[in-house]
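What follows draws every value from the coordinates through simple rules; no lab data is involved. Every value quoted in this text rests on a predicted model; they were computed, and no experiment measured them. Cβ: placed from backbone, ideal geometry, glycine included. Neighbour counts: every protein chain shown.
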Amino acid sequence: MSALTDALNRIMKWLQQNSPICASSFQSGLSPAEVEKKLGELPFCVSREVHELYQWRNGTNDRCGVFVYHYLLDLDTALQYSQEFNDSYWLEVREEDGDPLYLFLIFDFEGEYFAVTGSSSPNDAAPVFHVGDDCSVKFAFTNLTNMMLALAECYETGVYAVTSYEDVEVTDEAKFGEIRRKHNPGSVKQLYAGGW
């Protein structure tokens, strides 16, 4: 089992024990052939980690925010959003700003995303960027594996907790930031004003 799938399973185990409603909102994963076919529609390549993620689970069916409030987009929605976000206008804007040209949107929260970079050829892993609601782009995680390792540690150490509505929330933003940077050296110091 890869480190990515192991981290995802750790997160799922925590959710099953602490927030079964969120845990049950995940859709079954897709077959390797389904993932390959759908991702083949893109004008760029995404990392093998993205393939593995969608073989693990294909999004959540009720927008249950479990990855830092962001929910996992199903692959069809991720493809649709990513095609819109990689049109000629946005490519020009990112090129002018010196940001990665191609971004594949995976996690969404009210128009704010986490996205992996795309490339001209397949690779094992790719950096994960935070895309703000103003379309600003910040280097957040070195890759999906390190993102999920950080999130799994946050779940297991009490940085995340379940609210009375069974939503998952961050209880210690500064600690979240420390864990994120520990697993992702070189990423931005803060994603949000609260220190995380």
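For the chain, with the dipole built from +1 on Lys and Arg beta-carbon atoms and -1 on Asp and Glu ones, taken about the Cα centre, which of Thr5, Gly98, Val168 lies farthest toward the positive end?
Of Thr5, Gly98, Val168, it is Thr5.
Residue separation times 0.36 nm, minus the C-alpha to C-alpha distance between Gln190 and Asn9: what's the value?
Extra length available between Gln190 and Asn9 comes to 62.5 nm.
Could you give the size of the charge dipole of the stretch 1-83 about its Cα centre, using +1 on the Cβ of each K and R and -1 on the Cβ of each D and E, expressed in debye and rounded to the nearest 20?
Using Cβ point charges on Lys, Arg, Asp and Glu, the stretch 1-83 gives about 220 debye.
Could you give the size of the charge dipole of the stretch 43-162 about its Cα centre, using +1 on the Cβ of each K and R and -1 on the Cβ of each D and E, expressed in debye and rounded to the nearest 20?
380 debye
I need the calculated FRET efficiency for the pair Ala174 and Glu36, taking r as the beta carbon distance and R₀ as 45 Å, to the nearest 0.05.
Efficiency at R0 = 45 Å is approximately 0.65.
Figure the gain on full extension for Ile21 and Trp90 (residue separation times 0.36 nm, minus the Cα-Cα span) and round it to one decimal in nm.
21.2 nm
Under a 10 Å cutoff between Cα atoms, tell me which one of Ile11, Ile106, Ile21 has the largest fluctuation in the Gaussian network model of the chain.
Ile21
At 222 nm, what value in deg cm²/dmol follows for the chain if DSSP H runs of at least 4 each add -39500 (n - 2.57) and the sum is divided by all its residues, to the nearest 500?
It lands at -12500 deg cm²/dmol.
Computed from the mean reciprocal separation of all distinct C-alpha pairs, what Kirkwood hydrodynamic radius does the stretch 5-99 have, in Å?
After inverting the pairwise mean of 1/r, the radius is 14.7 Å.
In Å and whole numbers, how far do the C-alpha atoms of the chain stretch along each principal axis, longest first?
Principal extents (largest minus smallest coordinate, Cα): 44, 38, 29 Å.
Given points 7 Å out from each Cα along the Cα-Cβ axis, report the Ser121 to Asp134 separation in nanometres with one decimal.
Spacing of the two 7 Å Cα→Cβ label points: 3.8 nm.
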